[in-house]
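So the structure is just underneath, and the comments pick up after that.
The values are calculated or read from the model by the stated rules, or taken from the named source; none is laboratory data. From a predicted model like this one, the values you see are computed outputs, not experimental measurements. All Cβ positions, glycine included, derive from the backbone under ideal geometry; neighbour counts span all protein chains shown.
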Amino acid sequence: MNERMPIRILLVDDHDMVRRGLAVFLLAYDDLVLVGEASNGVEALKICTELRPDVVLMDLMMPVMDGVTTISMIRERLPDTQVIALTSFGEEKLVESSLRAGAIGYLFKNVSVDELAAAIRAVHMGKPTLAPEAARVLINITTHPLALGHDLTIREQAVLKLLVDGFSNPEIAQQLSLSRSTVKTHVSHILDKLGVKSRVEAVKLAIQNGLTT
């Protein structure tokens, strides 16, 4: 008899029907248990901090805070929590950003229930699980040099553009309908990804390399 604890899962998706379907799917497996749901990245980060799930199934295109940013923040705060990007989108930049943010899995929402269950078990053990399209992107990443700013998320690009335009954090928060703390986090990630230590350096680098054009 398998006496191991079930794998604790958090579902993150802004579509209620998707979450309901995934929740029903999880009921079919004794070794998987749903511990929480979130409809955006801010909710996901709060719930993850409280419940510390083993695996997060993360949608990427969400309001308030996108999936890539959320993945990065979860992995930074909770390194033992693994994340599978579960999405309908396979654009190379999105795949690349998700993997660089810390996702260990990248699957599409048309994956079969058995394949998803197997993927959850695999990532829980630290084994990467990628859809073929995502695997090809990963191979491309490792064989081709990457341009500066390639890993900036869509939201980070928007924040960087406003930095270049001279906006302060409170003004950026107002422009993008974000909290000041979220903007601060985005700015911190931008500095890290560009390899600079200040906003002034980030702006200078962005202008020199045409990152906001």
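You will find that of Met61, Met65, Met73, the residue that is surrounded by fewer than 18 Cβ atoms within 10 Å (Cβ to Cβ) and either of a type in the set (Asp, Glu) or touching a helix residue (DSSP H, G or I) at 6+ places or on another chain (Cβ under 8 Å) (or both) is Met61 and no other. For region 148-184, a residue qualifies if it is closer than 25 Å to Arg100 by Cβ and basic (Lys, Arg), and the qualifying residues are Arg155, Lys161, Lys184. The number of residues in region 5-16 being among the aliphatic types (A, V, I, L, M) and either over 15 Å from Ala117 (Cα atoms) or loosely packed, with under 13 Cβ neighbours inside 10 Å (or both) comes to 2.
Among the residues of region 46-75, the one identified as in contact with a strand residue (DSSP E or B) (Cβ under 9 Å, 6 or more places away or on another chain), in a helix (DSSP H, G or I), of a type outside the set (Lys, Arg) and more than 24 Å from Ala122 (Cβ to Cβ) is Glu50.
Scan region 193-205 and tell me whether some residue there is free of Cβ contacts under 8 Å to residues at least 24 places away in the same chain and under 17 Å from Gly67 (Cα atoms). No, there is no match, as no residue in region 193-205 is free of Cβ contacts under 8 Å to residues at least 24 places away in the same chain and under 17 Å from Gly67 (Cα atoms). Would you check if Val113 is buried (at least 19 other Cβ atoms within 10 Å of the Cβ) and either modelled with pLDDT of 90 or more or over 25 Å from Gly149 (Cα atoms) (or both)? Judged against the criteria, Val113 is not a match. Within region 26-45, residues that are assigned by TED's automatic domain parsing to the domain that holds Ser179 and at pLDDT 95 or above reach no partner that is part of a loop (DSSP other than H, G, I, E, B) and surrounded by fewer than 20 Cβ atoms within 10 Å (Cβ to Cβ) with beta carbons closer than 8 Å at six or more positions or on different chains.
If you go through region 14-25 one residue at a time, do you hit one that is part of a loop (DSSP other than H, G, I, E, B), on the phi < 0 side of the Ramachandran plot and aromatic (Phe, Trp, Tyr)? Give the steps one after another, and end with the answer.
Pass one, region 14-25, residues part of a loop (DSSP other than H, G, I, E, B): 14-15.
If we keep only those that are on the phi < 0 side of the Ramachandran plot too, we end up with 14-15.
From what is left, the residues that are aromatic (Phe, Trp, Tyr) are none.
The answer is no, given that none of the residues of region 14-25 is part of a loop (DSSP other than H, G, I, E, B), on the phi < 0 side of the Ramachandran plot and aromatic (Phe, Trp, Tyr).
Considering the conditions (1) surrounded by 19 or more Cβ atoms within 10 Å (Cβ to Cβ); (2) among the charged types (D, E, K, R); (3) farther than 24 Å from Leu178 by Cβ, Arg19 is excluded by exactly one of them, (3). Determine if region 119-127 includes at least one residue that is of a type in the set (A, V, I, L, M, F, W, C), modelled with pLDDT under 90 and in a loop (DSSP other than H, G, I, E, B). No, the conditions are met nowhere in region 119-127. Of all the criteria given as (1) part of a helix (DSSP H, G or I); (2) modelled with pLDDT of 90 or more, the one not satisfied by Phe167 is (1).
Taking (1) of a type in the set (A, V, I, L, M, F, W, C); (2) modelled with pLDDT under 90; (3) surrounded by fewer than 16 Cβ atoms within 10 Å (Cβ to Cβ) in turn, Leu211 satisfies each apart from (3).
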